[in-house]
RNA sequence: GGGCCCGUAGCUCAGUUGGAUAGAGCAGCAGCCUUCUAAGCUGCUGGUCGCAGGUUCGAAUCCUGCCGGGCUCGCCA
């Protein structure tokens, strides 16, 4: 991804706002730097002590437009250390900032806020660069930092994905796209849980279907095996490959082959579901590959030995959990990882009683592998039911990376599936639960993706199958996509009104943007200017839902402006009698459209040209 | 019993990572809308931010303790 560089453009003839922001389009970063400079000057002059930390100084948008465009907390944050009071310090700073040609007004407010009102040219300058940048507006410059590893989905290969998996999938996918857009290198990873007892159960279930495929009457699927129909095709393909040769043989002779075939079948199905959702991964990492099978080196053993050599593993006993039925609690000595040294509540076992590795042991090795492969920053996306597992994994990452690695676990809460407000039951018992695929097929990928991300990850989510296909204001998916389509429609109308008109971004960027003076227009331009900051904040907080909310708000503001044109024809985007004004408005619409498309792209939702 | 997450308008939820008078959408109320850009528009009402303390210039946000709901608690993954 290369980013257009415009630094070499001659700036002398342009308004100062543009000159500045064509280089650094994040308005807030730019002013943050200017304020630091102003403070440094105050320090150089001896007005404030030298060496103060400006780390807590924040430049942010004002909540109330009456307060201008930017609010600065510097005076309040630094007053105490500077040995003065906030308003006095603010006065010094205001004097300095007022000299900035981009600042129309600098004033002190409340307890010591400094409110800046910027010259209109600043915003038209940003709008202009947004028009030129198009889909790259808001994209962060590529950072030199090491790649971030994002692990998501990681559903067990024992059946089709359900709706809960879908939420994690969309979340992880959108988060990865967001990080990439913000300038990070990202690796998207899926951990295949193909090593535990579950996949043996899967193999037995598949073997039954194999016998069925050979014509045997298998009756009801026994308790404890996977009953779903989805294993039938695995059985059939086993029958095709092996014929009668496995039939009647002891499990030990067919388990490995059948298990491998079943896992392959399940993973093919899962990949297919992910593709239907538009969710992508760079790496599919097999848990089994960490163990000493198929000629692999035993990475789990290696990991355990590494930890043991640092005295982080010991043989000991664990107290039984309190307030829990403990009839079958067997007090025994086991191999424990000193998780408590790294912030966990108890030490955690690494070996099962039969001597095989616990899931946790494998997972430690897996995260160690991530680190060894060059990822110091790791993000895991899990279902909320794994919340109790977070501390031990974070502890393990600290241990295994010698404190150099970090792990952020994002837990996605449950999804309640509704239809017209009535809960759709998802009974897993008979195996006929509602699958993710069924939902995608019913309402479409875009609706699923947008709704899954239109909520904070740690809040439970209601997903109404009826609502998300409504073509109304109440359906956020439609509402946002429609705003984009409406932008495209405006361009079509303009071309009809002015045959042969050149509406390329290059031409639009030269439009007289100072014509855009309506309150609603200015408000939207400021939203466009705030987009890069939102992207930055959402990326560093690992919160992709903010992008969905932003895009929804922008759509709302745009629809509202559009409607204003009903009562005030002079606000209409296409004005047959005024070519100049039309070009300026279309430049504006182009920027709105780009930001909508950009935000939708991060979320992974299509930006349609029309929605008829 | 321990741990983690959540608690914001009647409902569903945001809240820019500690900022100013806490926002939006539904619902409710009041108007407009016999189309001049494509699935209406505008305005109003509505709050002890679960409760009580604490930290500081400043708390829905951070800390502590309660209350309520969810998830979870060795040999599942």
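The values are calculated or read from the model by the stated rules, or taken from the named source; none is laboratory data. Computed from a prediction, not measured in an experiment: that's the story for all the values here. All Cβ positions, even for glycine, are placed from backbone atoms using ideal geometry, and neighbour counts span all protein chains on display.
Among the residues of the range A:255-293, write down those that are in a loop (DSSP other than H, G, I, E, B), more than 14 Å from RNA strand B (Cβ to nearest atom) and either closer than 30 Å to residue A:606 by Cβ or under 25 Å from the mean Cα position of the chain (by Cα) (or both). Spell out the reasoning first.
Step one: filter the range A:255-293 for residues in a loop (DSSP other than H, G, I, E, B), giving A:278-282, A:287, A:291-293.
When the remaining residues are screened for being more than 14 Å from RNA strand B (Cβ to nearest atom), the result is A:278-282, A:292-293.
Of everything in the range A:255-293, those that are in a loop (DSSP other than H, G, I, E, B), more than 14 Å from RNA strand B (Cβ to nearest atom) and either closer than 30 Å to residue A:606 by Cβ or under 25 Å from the mean Cα position of the chain (by Cα) (or both) turn out to be A:278, A:279, A:280, A:281, A:282.
Give just the number: which of (1) in contact with a strand residue (DSSP E or B) (Cβ under 9 Å, 6 or more places away or on another chain); (2) more than 8 Å from RNA strand B (Cβ to nearest atom); (3) closer than 16 Å to residue A:301 by Cα does residue A:358 not satisfy?
Going through the list (1) in contact with a strand residue (DSSP E or B) (Cβ under 9 Å, 6 or more places away or on another chain); (2) more than 8 Å from RNA strand B (Cβ to nearest atom); (3) closer than 16 Å to residue A:301 by Cα, residue A:358 breaks only (2).
Look at residue A:524 and say whether it is more than 11 Å from RNA strand B (Cβ to nearest atom) and in contact with a helix residue (DSSP H, G or I) (Cβ under 6 Å, 6 or more places away or on another chain).
yes
Does residue A:138 count as in contact (Cβ under 8 Å) with a residue 24 or more places away in the chain, in a loop (DSSP other than H, G, I, E, B) and under 30 Å from residue A:512 (Cβ atoms)? Walk me through it before giving the result.
Working: in contact (Cβ under 8 Å) with a residue 24 or more places away in the chain: yes; in a loop (DSSP other than H, G, I, E, B): yes; under 30 Å from residue A:512 (Cβ atoms): yes.
Judged against the criteria, residue A:138 is a match.
As an exercise: evaluate residue A:578 against (1) surrounded by fewer than 18 Cβ atoms within 10 Å (Cβ to Cβ); (2) farther than 21 Å from residue A:123 by Cβ; (3) within 11 Å of RNA strand B (Cβ to nearest atom); (4) without any contact (Cβ under 8 Å) to a residue 60 or more places away in the chain and give the number of the one condition it does not meet.
Checking residue A:578 against (1) surrounded by fewer than 18 Cβ atoms within 10 Å (Cβ to Cβ); (2) farther than 21 Å from residue A:123 by Cβ; (3) within 11 Å of RNA strand B (Cβ to nearest atom); (4) without any contact (Cβ under 8 Å) to a residue 60 or more places away in the chain, the one that fails is (3).
Would you mind stating whether residue A:297 is closer than 24 Å to residue A:402 by Cα and assigned to a loop (DSSP other than H, G, I, E, B)?
The answer is yes for residue A:297.
I need a count of the residues in the range A:30-77 that are touching a helix residue (DSSP H, G or I) at 6+ places or on another chain (Cβ under 8 Å), more than 9 Å from RNA strand B (Cβ to nearest atom), part of a helix (DSSP H, G or I) and more than 30 Å from residue A:124 (Cβ to Cβ).
Residues in the range A:30-77 being touching a helix residue (DSSP H, G or I) at 6+ places or on another chain (Cβ under 8 Å), more than 9 Å from RNA strand B (Cβ to nearest atom), part of a helix (DSSP H, G or I) and more than 30 Å from residue A:124 (Cβ to Cβ): 1 in total.
Given the options A:586, A:596, A:600, A:561, name the one that is touching a residue at least 40 places away in the same chain (Cβ under 8 Å) and closer than 18 Å to residue A:501 by Cβ.
On the way: A:596 fails: closer than 18 Å to residue A:501 by Cβ; A:600 fails: closer than 18 Å to residue A:501 by Cβ; A:561 fails: closer than 18 Å to residue A:501 by Cβ.
Being touching a residue at least 40 places away in the same chain (Cβ under 8 Å) and closer than 18 Å to residue A:501 by Cβ holds for just one of A:586, A:596, A:600, A:561, which is A:586.
So, residue A:474, is that one free of Cβ contacts under 8 Å to residues at least 60 places away in the same chain, within 13 Å of RNA strand B (Cβ to nearest atom) and either under 26 Å from the mean Cα position of the chain (by Cα) or assigned to a loop (DSSP other than H, G, I, E, B) (or both) or not? Steps first, please.
On the way: free of Cβ contacts under 8 Å to residues at least 60 places away in the same chain: yes; within 13 Å of RNA strand B (Cβ to nearest atom): yes; either under 26 Å from the mean Cα position of the chain (by Cα) or assigned to a loop (DSSP other than H, G, I, E, B) (or both): yes.
So residue A:474 passes the test.
Among the residues in the range A:316-333, are any in contact with a strand residue (DSSP E or B) (Cβ under 6 Å, 6 or more places away or on another chain), assigned to a strand (DSSP E or B) and within 7 Å of RNA strand B (Cβ to nearest atom)? Steps first, answer last, please.
Residues of the range A:316-333 that are in contact with a strand residue (DSSP E or B) (Cβ under 6 Å, 6 or more places away or on another chain), as a first pass: A:316, A:333.
So of that shortlist, the ones also assigned to a strand (DSSP E or B) come out as A:316.
Next cut, within 7 Å of RNA strand B (Cβ to nearest atom) only: none.
Scanning the range A:316-333, I find no residue that is in contact with a strand residue (DSSP E or B) (Cβ under 6 Å, 6 or more places away or on another chain), assigned to a strand (DSSP E or B) and within 7 Å of RNA strand B (Cβ to nearest atom), so the answer is no.
Quick check on the range A:143-158. Is at least one of its residues touching a strand residue (DSSP E or B) at 6+ places or on another chain (Cβ under 8 Å), at pLDDT 90 or above, part of a strand (DSSP E or B) and surrounded by fewer than 24 Cβ atoms within 10 Å (Cβ to Cβ)?
Checked the range A:143-158: no residue is touching a strand residue (DSSP E or B) at 6+ places or on another chain (Cβ under 8 Å), at pLDDT 90 or above, part of a strand (DSSP E or B) and surrounded by fewer than 24 Cβ atoms within 10 Å (Cβ to Cβ).
Could you grab the pairs with beta carbons closer than 7 Å, sequence gap of 6+ or different chains, first residue in the range A:192-203 and under 14 Å from residue A:360 (Cα atoms), second one near RNA strand B (Cβ under 6 Å from one of its atoms)?
Sorted first by the residue in the range A:192-203, then by its partner, the pairs are A:193/A:156; A:196/A:359.
Write out, first by first residue and then by second, each pair whose Cβ atoms fall under 9 Å of each other, whose residues are 6+ apart or on separate chains, and whose first residue, in the range A:74-98, is under 15 Å from residue A:115 (Cβ atoms) and without any contact (Cβ under 8 Å) to a residue 12 or more places away in the chain while the second is outside any helix (DSSP H, G or I) and away from RNA strand B (no atom under 12 Å from the Cβ).
Going by the 9 Å Cβ cut-off, the qualifying pairs are A:98/A:105.
Residue A:491 - would you say it is at pLDDT 90 or above, crowded, with 20+ Cβ neighbours inside 10 Å and more than 8 Å from RNA strand B (Cβ to nearest atom)?
Working: at pLDDT 90 or above: yes; crowded, with 20+ Cβ neighbours inside 10 Å: no; more than 8 Å from RNA strand B (Cβ to nearest atom): yes.
No: the conditions fail for residue A:491.
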